[in-house]
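Let me begin by presenting the structure, written as structure tokens, before commenting on it.
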Amino acid sequence: MAERAVAAGNAGSAGRAGSASRAGRIRRPEGPGKVAIAGLGLLLPGGVLILWQMLSHYGMISAMLFPAPYTIAQSFITLASSGELWINLRVSALRTLSGFLLGGGLGLLLGIVVGLFRRSEKLLDPSLQMIRMIPSLAVVPLFILWFGIGEESKVLLIAKSAFFPLYIHTFMGIRGTDNKLFEVARVLGFSRRQQILRLVLPAAVPNIMLGVRLSLGLAWLGLVVAELIASTSGIGYMMSDARQFADTPVVFVGIIVFAAAGLLTDTMVRLVERRLLRWQDSYQG
Amino acid sequence: MGEALLSIRQLNKRFDTAGGQVQALEDVELEVEEGEFITVIGPSGCGKSTLLRIIAGLDTGYTGSVTLEGKAIGGPGIDKGFIFQEHRLFPWLTVEKNIASDLPLGRPDIRQRVDELIELVKLGGFETAYPRELSGGMAQRVAIARALLRSPKVLLLDEPFGALDAFTRAHMQTVLLDIWRRNRTTMIFVTHDIDEAVFLGNRVVILEPRPGKIRKIVPIDLPYPRKKTTTSFQELRLKVLNYFEKVDELELKDGAGI
Ligand SMILES: Nc1ncnc2c1ncn2[C@@H]1O[C@H](COP(=O)(O)OP(=O)(O)OP(=O)(O)O)[C@@H](O)[C@H]1O
Ligand SMILES: [Mg+2]
């Protein structure tokens, strides 16, 4: 009887402790607010910007090589209001997206196949690793010969860059599945299909999401390479065109647009990642 | 007595390792009736886990026969529930989805059974919590519910409460006995805690190590619910402990530690 009471009390307090810790994870009780934390990240670039503007203002750095932030902003407004910026950004974003979807999608698919089946690993992995070792820049001349300087060569170059992170991380995620959970799947009578859908793939999601982020980063990188080398449109073209006329502010605008676009896509992926990995128990800082 | 639910005859299991051969189990004979609660006790490395894993179909390559309802164990499956020492829940699934696992929670009959089991293991209010939000005892209760949903013919538990503190452990013992009283699921429960073995089991199987052998099977003829403080409980506990100490002496003579 007494034991019962202890047991019940135990369950009750366990319940309270559980829900309290759950709430604690969502809302931090003390410490600086979200805005203050976000502001922390702006401190450094903000300071640099102010210093830069001041140095330019007093003519202490070359206006040709380091145009003042104010000049860059003006150039940004000109490009934005003429529509030139948006047209080029649209072209670049479209290239990145299609290259990422093609390369990343293929990387995910092959990563799954090679991860799941040892035979396909033996068949495909050595060749893929060989291709991985070829620098992207080295295949550019070949791509241009084959496909001209049209969209295909650029999208393919981006796809090659985006392929490998997703391929490798998907593969690693699948191979990293905990053997102990495999035993559970066997005891629960999972079919081979269920083992893949309900164990292997969910277990690989953290790695796959990391692969997505790295692939996206490399896709933007591939875009810049493609557009700087041979192109008649896009942000990269806008930059190399400006370089020829020594229009340094436009080059800076291009850099800033690339940085912003990269950050934006990465943030979007991270939001998806957070949602997908709500279950993960790891250090949040 | 009719045909036993589970019968183990002349079971021998040897592991071939780099360091030589290990006789994990030798000539194990055990008959388990339907609805029985068997506890298995013995020092570390005496083959308790190996015995359970063979019954579960997880380990193969033994000699002798192991039959469930007269049929040889083919491989792992839902008729043999298994609770590991760690809860082994799927970390990405909530409590209720872990219990359902591969079964569709959307089906009304499964939904209802899952809800009943959550009630049975006293986890109401935690249906949508993730494993990381649970205490060790709660997670282990989810694992038990997950096994029970499949209505196993026998539930195999390998030191399921070994990692829990004394209070939680005592609580889990009453929860498990409650489940057993209601469902009459046949249980084989491995532990290295003598109190736990005597408190739970109809019979206590005492294993001795190197090679893993049954030393003695002690029937515990005490009515449930048992109280650990009664003299009859203490007498039986001492009886089991006695065999245990003989096992210890045996080990010391061989110059091997636990
Ligand atoms: N996979 C394996 N390969 C080789 N030897 C093994 C393997 N599994 C178990 N053994 C050996 O078999 C013997 C019995 O192991 P088992 O895990 O069944 O012991 P146990 O009674 O469960 O011990 P514990 O109480 O520590 O869990 C041990 O000597 C162990 O070294
Ligand atoms: Mg063990």
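The values are calculated or read from the model by the stated rules, or taken from the named source; none is laboratory data. Since this is a predicted model, take the numbers as computed values, not measurements. All Cβ positions, even for glycine, are placed from backbone atoms using ideal geometry, and neighbour counts span all protein chains on display.
Step by step: first the residues of the range B:72-82, then only those that are surrounded by fewer than 19 Cβ atoms within 10 Å (Cβ to Cβ) and of a type in the set (A, V, I, L, M, F, W, C), then the one that is nearest to ligand 1 (Cβ to nearest atom). Which residue is that?
B:Ala72
Looking at B:Arg226, B:Arg210, B:Arg237, B:Arg203, which is the one that is modelled with pLDDT of 95 or more and either touching an Asp or Glu at 6+ places or on another chain (Cβ under 9 Å) or surrounded by 17 or more Cβ atoms within 10 Å (Cβ to Cβ) (or both)?
One residue alone meets the criteria, B:Arg203.
Go through the range A:207-262 and report how many residues are under 30 Å from A:Ile112 (Cα atoms) and among the basic types (Lys, Arg).
Going through the range A:207-262 one residue at a time, the tally reaches 1.
B:Glu29 - would you say it is away from ligand 1 (no atom under 12 Å from the Cβ), in a strand (DSSP E or B) and over 15 Å from the mean Cα position of the chain (by Cα)?
So B:Glu29 fits the description; yes.
Which pairs do you get when a residue that is among the aromatic types (Phe, Trp, Tyr), found in the range B:186-210, comes within reach of a residue that is within 16 Å of ligand 2 (Cβ to nearest atom), reach meaning Cβ atoms under 6 angstrom, with the pair 6+ apart or on two chains?
Taking only residues 6 or more apart or on different chains, the pairs are B:Phe189/B:Thr39; B:Phe189/B:Leu157.
In the range B:88-109, what count of residues is obtained for those that are more than 9 Å from chain A (Cβ to nearest Cβ) and of a type in the set (S, T, N, Q)?
Here the count works out to 1.
Which one of B:Gln85, B:Gln21, B:Gln112, B:Gln10 is within 12 Å of ligand 1 (Cβ to nearest atom) and away from chain A (no Cβ under 14 Å)?
B:Gln21
Please determine, by comparing only the residues of the range B:32-58 that are in a loop (DSSP other than H, G, I, E, B) and away from ligand 2 (no atom under 12 Å from the Cβ), which one is nearest to the chain's Cα centre (by Cα).
B:Glu36
Yes or no: A:Ala226 assigned to a helix (DSSP H, G or I), modelled with pLDDT of 90 or more and of a type outside the set (Lys, Arg)?
Considered against the rule, which asks whether it is assigned to a helix (DSSP H, G or I), modelled with pLDDT of 90 or more and of a type outside the set (Lys, Arg), A:Ala226 comes out as no.
State which residue pairs qualify: first residue without any contact (Cβ under 8 Å) to a residue 12 or more places away in the chain and inside the range B:68-97, second residue in a strand (DSSP E or B) and not hydrophobic (A, V, I, L, M, F, W, C) in any location, beta carbons under 9 Å apart, and separation of 6 or more residues or different chains.
Every condition considered, the pairs that remain are B:Ala72/B:Ser65.
Could you list, in sequence order, all residues of the range A:75-89 that are outside any helix (DSSP H, G or I) and crowded, with 16+ Cβ neighbours inside 10 Å?
none
The rows are residues; the columns are (1) surrounded by fewer than 19 Cβ atoms within 10 Å (Cβ to Cβ); (2) among the β-branched types (Val, Ile, Thr).
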{"site": "A:Thr170", "(1), (2)": "no, yes"}
{"site": "A:Arg198", "(1), (2)": "no, no"}
{"site": "A:Leu218", "(1), (2)": "no, no"}
{"site": "A:Met238", "(1), (2)": "no, no"}
{"site": "A:Ile256", "(1), (2)": "yes, yes"}
{"site": "A:Leu263", "(1), (2)": "yes, no"}
{"site": "A:Thr267", "(1), (2)": "yes, yes"}
{"site": "A:Val272", "(1), (2)": "yes, yes"}
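Residues of the range A:34-74 being assigned to a loop (DSSP other than H, G, I, E, B) and either in contact (Cβ under 8 Å) with a residue 12 or more places away in the chain or surrounded by 10 or more Cβ atoms within 10 Å (Cβ to Cβ) (or both), which ones?
Within the range A:34-74, A:Ile61, A:Ser62, A:Ala63, A:Met64, A:Leu65, A:Phe66, A:Pro67, A:Ala68 meet the criteria.
Given the residues A:Arg213, A:Arg270, which is the only one that is without any contact (Cβ under 8 Å) to a residue 60 or more places away in the chain and of a type outside the set (Val, Ile, Thr)?
Answer to the check: A:Arg270.
Given the criterion within 14 Å of chain A (Cβ to nearest Cβ) and either more than 9 Å from ligand 1 (Cβ to nearest atom) or in contact with a helix residue (DSSP H, G or I) (Cβ under 9 Å, 6 or more places away or on another chain) (or both), identify the matching residue among B:Gly57, B:Gly42.
When all the criteria are applied, what remains is B:Gly57.
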